[in-house]
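Worksheet: the structure to be examined is printed underneath.
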Amino acid sequence: MQTYSCNFCGYCYDPAKGEPRLGLAPGQDFCCLPEDWCCPECGASRRLFCSDEEMRRLAEECRDGSCEPPCDIPSY
């Protein structure tokens with residue numbers, strides 16, 4: 001299971017740790033979280049989270065945010 005980070009505030013959801021503040025036990029994969037789940041830090045939608053793999057790809061391919069063609073990773 002990989003970690004996912006909020007593309008708005010940087011909060012990192014680690015499935016190995018879960019999210020005790022929200023009652024999520026360790027082992028809860030990000031893809032299994034409810035659709036209406038929000039970032040516990042800033043309230044951003046689940047849609048604004050990217051996997052670490054996506055974040056690495058964004059950093060490598062979109063250093064200045066002007067990809068051609070535009071990438072599919074949301075950047076806010």
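Key figures
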item: Members of the range 1-19 found to be among the charged types (D, E, K, R) and open to solvent by less than 70 Å² (accessible area, probe 1.4 Å), listed by number; result: ASP14, GLU19
item: Members of the range 4-19 found to be in contact with a Leu (Cβ under 8 Å, 6 or more places away or on another chain), farther than 16 Å from CYS32 by Cα, in a loop (DSSP other than H, G, I, E, B) and of a type outside the set (Phe, Trp, Tyr), listed by number; result: ASN7
item: Pair list, Cβ < 7 Å and 6+ apart or interchain, from the range 6-23 residues that are under 18 Å from ALA44 (Cβ atoms) and touching a residue at least 40 places away in the same chain (Cβ under 8 Å) to residues that are open to solvent by 30 Å² or more (accessible area, probe 1.4 Å) and among the acidic types (Asp, Glu); result: CYS6/GLU41
item: Qualifying positions in the range 20-33 - at pLDDT 90 or above, surrounded by fewer than 17 Cβ atoms within 10 Å (Cβ to Cβ) and assigned to a loop (DSSP other than H, G, I, E, B); result: ALA25, PRO26, GLY27, ASP29
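The values are calculated or read from the model by the stated rules, or taken from the named source; none is laboratory data. It should be emphasised that the depicted structure is a prediction, and the values quoted were computed from it without experimental measurement. Here Cβ is always computed from backbone atoms with ideal geometry, including for glycine, and neighbour counts include all displayed protein chains. The protein model used for the area step is the full one, side chains on, heavy atoms only, and it has no ligands, DNA or RNA in it. Shrake-Rupley method; radii C 1.70, N 1.55, O 1.52, S 1.80 Å.
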